Amino acid sequence: MDTLDGLKAFVATAQTGSFTAAAEQLGISNRLVSKYVAELEQRTGARLLQRTTRQVGLSAAGEALYERVPALLEELDELLGAVSADARQMAGRLRISAPVMFGEVYLQGLIQRFASQYPQLVLDLQLSDDFVDLVQEGIDLAFRIGDPKLDSLKARKLGEIRTLLVAAPSYLANAPALSHPEELLNHRCIIDTNRETPWRWLFSENEQPLVVSVPQTLLVNSARVARDWAMAGYGIARVPDFAVRDAIAREELVVLLEGFHHDSHPVNAVYLAGTSVPRKVRALIDFAVVDSQRLFNPHEPG
């Protein structure tokens with residue numbers, strides 16, 4: 001057995017929890033994955049995986065090995081990639097996932113600019129507000145708002161998106177006064193149900209968190225619709241800043257309660273950890289780091 005093959009099989013099995021899923025990830029048979037892992041266990045003299053009828057988990061020895069192997073494999077891939085990068089072309093398919101509005105408002109432009117530099121690449125942008133499993137959906141790179149919640153993922157931070165409270169001048173002209181978050185109880189509130197706690201709106205007062213359970217006047221699973229309803233004067237919406245920057249500049253929307261420091265969330269380029277990262281994926285990540293300044297620099301157009 002080639003030790004490198006055994007380590008790759010071990011890491012893929014540890015990440016996916018099954019020999020079958022590891023085989024799909026590596027592009028080999030599950031019988032071969034099982035064989036590679038068994039031979040690695042024989043070579044190390046330790047049981048690395050705990051096998052059950054439903055899934056495969058790490059033993060204590062396996063956990064110790066897994067803490068170091070993914071980084072070593074990635075370093076080796078980077079070394080080999082650096083040697084052969086000039087000989088490889090940027091070609092093939094690149095599948096990308098992102099939230100719907102972030103993709104429509106900003107990412108589609110980034111992808112267009114990236115594609116113009118690499119015409120041989122096929123770029124497949126999949127927009128969804130549902131959680132997307134990178135392994136199951138065959139996604140090479142995902143753009144996500146918020147911190148990654150899985151240890152199997154690596155992330156490259158692109159910037160921060162602030163959440164703003166906005167309303168149209170036409171709504172504010174006939175609405176009660178609003179100088180404190182708790183006064184939102186007297187207002188019509190537009191709820192984006194895609195958020196983790198949709199009607200619990202987070203603020204900060206004197207550097208302490210303040211959560212207000214706002215009235216559920218209008219509910220929709222779309223930040224774009226929430227913004228549009230706010231622009232139409234139906235109530236107050238809580239939306240990401242990139243979605244309303246132009247409307248604020250045109251004075252179609254007004255930012256409310258600015259002194260209460262609305263929450264913000266990181267935007268990350270996310271990909272699978274412990275696997276070989278193709279050059280085309282790294283190229284898109286590096287491009288996004290530079291290009292995203294137009295999104296996160298408030299002086300640039302969104």
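The values are calculated or read from the model by the stated rules, or taken from the named source; none is laboratory data. Treat the numbers as computed from the prediction; the structure is a model and nothing was measured. Virtual Cβ from ideal backbone geometry, glycine too; neighbours counted across all protein chains shown.
Below is a table of values for the structure above.
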item: Qualifying residue in segment 220-228 (condition: assigned to a strand (DSSP E or B) and touching a strand residue (DSSP E or B) at 6+ places or on another chain (Cβ under 8 Å)); result: yes
item: Counted residues, segment 111-148 - those being closer than 19 Å to residue 286 by Cα, touching a helix residue (DSSP H, G or I) at 6+ places or on another chain (Cβ under 8 Å) and touching a residue at least 40 places away in the same chain (Cβ under 8 Å); result: 10
item: Criterion violated by residue 269 - all others in (1) modelled with pLDDT under 90; (2) outside any helix (DSSP H, G or I) satisfied; result: (1)
item: Options 257, 202; residue that is farther than 24 Å from residue 129 by Cα, in contact (Cβ under 8 Å) with a residue 24 or more places away in the chain, of a type in the set (A, V, I, L, M, F, W, C) and surrounded by 13 or more Cβ atoms within 10 Å (Cβ to Cβ); result: 257
item: Some residue of segment 61-69 being among the β-branched types (Val, Ile, Thr) and in the same structural domain as residue 141 (by TED's automatic domain parsing); result: no
item: Single match in 76, 58, 94, 26 (criterion: under 27 Å from the mean Cα position of the chain (by Cα) and in the same structural domain as residue 125 (by TED's automatic domain parsing)); result: 94
item: Residue in segment 200-213 that is of a type in the set (Phe, Trp, Tyr) and closer than 30 Å to residue 69 by Cβ present; result: no
item: Pick from segment 75-113, criterion of a type in the set (D, E, K, R) and in contact with a strand residue (DSSP E or B) (Cβ under 9 Å, 6 or more places away or on another chain), ranking: modelled with the highest pLDDT; result: 95
item: Residues of segment 1-39 that turn out to be of a type in the set (Phe, Trp, Tyr) and farther than 23 Å from residue 133 by Cα, as a count; result: 1
item: Residue, nearest to residue 247 (Cα to Cα), within segment 148-186, restricted to residues that are in contact with a Ser or Thr (Cβ under 9 Å, 6 or more places away or on another chain) and hydroxyl-bearing (Ser, Thr, Tyr); result: 163
item: Every pair of residues 6+ apart whose Cβ atoms lie under 6 Å, when the first sits in segment 71-91 and is part of a helix (DSSP H, G or I) while the second is small (Gly, Ala, Ser) and modelled with pLDDT under 75; result: 77/276
